[in-house]
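Student: Have a look at this one before I ask anything.
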Amino acid sequence: MLTVMRAPSRYVQGANAILELEKHVSSIGTKFYVVADEFVMNMTKEKIEQAFGGDTSKLVFEEFNGQSSMTEIRRIEELLKMSGCDAIIGIGGGRTFDTVKAVGHFSKVSVIIVPTIAATDAPCTALSVIYNDEGEFSEYLFYPKNPDVVLVDSTIIAKAPVRFLVAGMGDALGTYFEARTCLNTKSANLVAGAVSQAGFALSKLCYEILRDYGLKAKLAVENDAVTPAVEKVLEACTYLSGVGAENGGLATAHSIYNGFTILKQCEKTMHGEIVAFGTLVQLILEDQPMEEIENVIDFCLTVGLPITLNQIGLTDYTSEELMRVAQAACKEGETIHNTQGGVTVTEVYNAIVTANAMGEEYLQLA
Ligand SMILES: [Zn+2]
């Protein structure tokens, strides 16, 4: 297997970056189809128009319905076709980007991503997570290229509720451990290649930044403030986590997330929050040293990421439900199968209940 490394063509980040949007996209499009949900549209429409010097002839706005499903992708694809736009801009969070990336790919137009929250590593990747109309995980779609431009406005993100940033750190927490598994087992990354040294180094840096600056960044964002630590953590959650995961590959943590999407009780829990718990499950499943597990638990406790089933929304559950989660996590094609020696449903179930018991233990000590 050949080593493959990919990333967005341009990554821009900083305070009030959105006001410089046109400068960074003018070389890849002439008329832009802007997609955002109602809340984000109200918050950013004026700034986007301002970024284009008030020239609204270059912009067409459309509201996103909230679900990255094939139904929504086809709807926006049709509208884009009629608009005459040659580029699509997705503003908001993960599901908006998943939809916009799919539309950009099917319509063969340039893709620009502007996150307003740092809740997931979706901005930089060349893949979409597709849900069915009921909101359950359905499939991943993989594209031949990454978004053309990813622009992160740290001022906007710092004003969003801190839970989003913490969830982003949860998503980023899995990156290093999942990449390490893929590297060790010579499994393919998300771009069908072997893990590169560069990809692995990014995933490692991602974890180091979380550990060293995560709390500082969280405290700043709780006070709507942008500090150097916020910029570092935003880069970790957006670029290092996304490019790290794509080139480093995924393993158990993300399959555990996919597994829990089948339970209604977890509907309100964010992707990254479940990935954080999934990371703990992965370390138990792989039987990693206690010291490493404690470091991960300490980090989760410090920034407020879940380490128990209760904390990811399961206040009431049966062992039969957990078994169904384990089965879903082990479906064919899931990245959990990148684990050394393979895994069985029973092993995964056992790792979930043990991770939960360990989390409960540390919560009592904290
Ligand atoms: Zn993720």
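The values are calculated or read from the model by the stated rules, or taken from the named source; none is laboratory data. Everything quoted here is computed from the prediction, not taken from an experiment. All Cβ positions, even for glycine, are placed from backbone atoms using ideal geometry, and neighbour counts span all protein chains on display. SASA here: full protein model, heavy atoms, side chains in, ligands and nucleic acids out. Shrake-Rupley method; radii C 1.70, N 1.55, O 1.52, S 1.80 Å.
Student: Tell me which trypsin sites (Lys or Arg not before Pro) from the stretch 260-366 have a DSSP coil assignment and no more than 16 other beta carbons within 10 Å of their own. The partial results should precede the final answer.
Tutor: Numbers: sites: LYS264, LYS268, ARG324, LYS331; in loops: LYS268, LYS331.
Hits after loop and neighbour filter: LYS268, LYS331.
Student: Rounded, prolate or oblate: pick one for the stretch 282-366, where a ≥ b ≥ c are the square roots of the eigenvalues of its C-alpha gyration tensor, a/c under 1.5 means rounded, and failing that, prolate if a/b is larger than b/c, else oblate. Display every interim value, and only then the final one.
Tutor: Values: a/c = 2.19, a/b = 1.33, b/c = 1.65.
It is oblate, given that a/c is not under 1.5 and a/b is not larger than b/c.
Student: Nothing charged except the Cβ atoms of Lys and Arg (+1) and of Asp and Glu (-1): what's the magnitude of the dipole of the stretch 162-365 about its Cα centre? Round to the nearest 20 debye. Present the calculation step by step, with values, prior to reporting the outcome.
Tutor: Values: 12 positive and 25 negative charges, 82 e Å.
Dipole of the stretch 162-365, to the nearest 20 debye: 400 debye.
Student: Using the heavy atoms of the protein chains and a 1.4 angstrom probe, tell me the accessible area per residue for the stretch 162-365 in square angstrom.
Tutor: Details: 7860 Å² over 204 residues.
Result: 39 Å² per residue.
Student: Another question, then. Taking the Cα centre of each part, how many Å lie between the stretch 172-207 and the stretch 1-79?
Tutor: If you average the Cα positions of each part, the centres end up 28 Å apart.
Student: What is the magnitude of the charge dipole of the chain about its Cα centre, with +1 placed on the Cβ of each Lys and Arg, -1 on the Cβ of each Asp and Glu, and no other charges, expressed in debye to the nearest 20?
Tutor: Working: 27 positive and 46 negative charges, 211 e Å.
Computed about the Cα centre, the dipole is about 1020 debye.
Student: Hey, another quick one. How would you classify the stretch 130-221 from its alpha-carbon gyration tensor, with a ≥ b ≥ c the square roots of the eigenvalues: rounded for a/c under 1.5, else prolate if a/b is greater than b/c, otherwise oblate? Kindly include the intermediate steps, with their values, before the conclusion.
Tutor: Details: a/c = 1.82, a/b = 1.24, b/c = 1.47.
Since a/c reaches 1.5 but b/c is at least a/b, the shape of the stretch 130-221 is classed as oblate.
Student: Shifting gears a bit: May I have the convex hull volume per residue, in Å³, for the Cα set of the stretch 163-261?
Tutor: Spelled out: Cα convex hull of the stretch 163-261, divided by residues, is 87 Å³.
Student: If I stretch the segment between LYS331 and ASN65 completely, what's the gain in nm (0.36 nm per residue apart, minus their alpha carbon distance), one decimal? Write out the running numbers ahead of the final one.
Tutor: On the way: separation 266, 0.36 × 266 = 95.76 nm, distance 2.87 nm.
So the chain would gain 92.9 nm between LYS331 and ASN65.
Student: Which loop-located GluC sites (Glu not before Pro) does the stretch 248-300 contain, where loop means any DSSP state but H, G, I, E or B and the Cβ has at most 16 other Cβ atoms within 10 Å?
Tutor: Taking the stretch 248-300 and a limit of 16 other Cβ atoms within 10 Å, the loop GluC sites (Glu not before Pro) found are GLU267.
Student: Would you kindly give the portion of the calculated P(r) for the stretch 162-365 that falls above 21 Å, as a percent of all Cα pairs?
Tutor: So the pairs more than 21 Å apart make up 48 percent of the total in the stretch 162-365.
Student: With an 8 Å Cα cut-off and a minimum separation of 6 or more residues, compute the relative contact order for the chain in percent.
Tutor: Rounded, it is 17 percent for the chain.
Student: Here is a follow-up. Choose one of GLY170, ILE297, LEU363: the residue whose Cα lies farthest towards the positive end of the charge dipole of the chain (beta-carbon charges +1 Lys, Arg; -1 Asp, Glu; about the Cα centre).
Tutor: Comparing the listed Cα positions along the dipole, GLY170 ranks first.
Student: Tell me, in nm to one decimal, what length is gained between GLN340 and LYS23 on full extension, where the rule is 0.36 nm per residue of separation less the Cα-Cα distance?
Tutor: 109.5 nm
Student: Per residue, what accessible area does the stretch 10-158 have, given a 1.4 Å probe and all protein chains present, in Å²? Don't skip to the end; give the middle numbers.
Tutor: Values: 5800 Å² over 149 residues.
Counting only protein heavy atoms, the per-residue value for the stretch 10-158 is 39 Å².
Student: Kindly report, to the nearest 10 Å², the accessible surface of MET5 as traced by a 1.4 Å probe over protein heavy atoms only.
Tutor: For MET5, the solvent-accessible surface is approximately 80 Å².
Student: Can you return the lysines within cross-link range of LYS58? Criterion is Cα-Cα under 30 Å, with same-chain partners fewer than 8 residues away left out.
Tutor: Straight-distance partners of LYS58: LYS23, LYS31, LYS45, LYS47, LYS81, LYS101, LYS108, LYS145, LYS159.
Student: Separate question: So if I average 1/r over every pair of distinct C-alpha atoms in the stretch 10-158 and take the inverse, what Kirkwood radius in Å does that give?
Tutor: Working: mean 1/r = 0.0669 Å⁻¹.
Roughly 14.9 Å, rounded to one decimal.
Student: Still on this structure: Considering only protein heavy atoms and a 1.4 Å probe, what is the carbon-and-sulfur percentage of the accessible area of the chain?
Tutor: Details: 7440 of 14680 Å².
Its accessible area is 51 percent carbon and sulfur atoms.
Student: Ok, one more. Which percent of Cα-Cα pairs in the chain sits in each 10 Å bin, short to long?
Tutor: 6, 26, 34, 24, 8, 1
Student: If you place +1 on the Cβ of every Lys and Arg and -1 on the Cβ of every Asp and Glu, how big does the dipole about the Cα centre of the stretch 35-79 come out, in debye to the nearest 20? Spell out each step's value before the answer.
Tutor: Values: 5 positive and 10 negative charges, 19 e Å.
Value, rounded to 20: 100 debye.
Student: Per the Kirkwood treatment, what hydrodynamic radius in Å, one decimal, follows for the stretch 225-292 from the mean inverse distance over all distinct Cα pairs? Present the calculation step by step, with values, prior to reporting the outcome.
Tutor: Working: mean 1/r = 0.0732 Å⁻¹.
Result for the stretch 225-292 stands at 13.7 Å.
Student: Looking at the stretch 178-250, which trypsin sites (Lys or Arg not before Pro) are DSSP coil and have at most 13 other C-beta atoms within 10 Å of their C-beta?
Tutor: On the way: sites: ARG180, LYS186, LYS204, ARG211, LYS216, LYS218, LYS232; in loops: LYS186.
Counting only loop positions with at most 13 other Cβ atoms within 10 Å, the trypsin sites (Lys or Arg not before Pro) in the stretch 178-250 are LYS186.
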